[in-house]
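A quick write-up on the structure given underneath.
The values are calculated or read from the model by the stated rules, or taken from the named source; none is laboratory data. All figures in this text were calculated on a predicted structure; none of them were measured in a lab. Methodologically, a virtual Cβ is constructed for each residue, glycine included, from the backbone with ideal geometry; neighbour enumeration extends over all protein chains shown. Areas reflect the complete protein model, heavy atoms only, side chains present, ligands, DNA and RNA absent. Shrake-Rupley method; radii C 1.70, N 1.55, O 1.52, S 1.80 Å.
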Amino acid sequence: MGRLMPRFYFNVVSDSGTVVDPDGSELATIEDARREAVQDARALMSQAILSGKDISARKIYICDEQGTLLLIVPFADTIRSAD
């Protein structure tokens, strides 16, 4: 019987509140979770930009199954200047 992978939850936090991830994702490592959070932040910012909104001040809180905060990924840190 194989070892189960840990489940990580990706909660999006802004000044107006938190969108809680009810399902989470099974991933092998916290680094895999960080990569997924970066992709999620970029996708959400892309959609917001198309609507004329700037959501780069938001953050993704990566938590474990007990709700313990493991890592914070600021949306602004997921992009770099084109210059």
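Within the set MET1, MET5, the sole residue that is in contact with an Asp or Glu (Cβ under 6 Å, 6 or more places away or on another chain) and at pLDDT below 95 turns out to be MET5. Residues that are open to solvent by 80 Å² or more (accessible area, probe 1.4 Å), more than 16 Å from SER14 (Cα to Cα) and in contact with a strand residue (DSSP E or B) (Cβ under 8 Å, 6 or more places away or on another chain) within region 30-68 comprise ARG34, GLU65, listed in sequence order. Contact annotation: residue pairs with Cβ atoms under 9 Å, 6 or more positions apart or on different chains, pairing a residue in region 63-77 that is touching a residue at least 12 places away in the same chain (Cβ under 8 Å) with a partner that is part of a loop (DSSP other than H, G, I, E, B) and open to solvent by 80 Å² or more (accessible area, probe 1.4 Å), are PRO74/ALA57; PRO74/ARG58; PHE75/ALA57; PHE75/ARG58; ALA76/ALA57; ALA76/ARG58.
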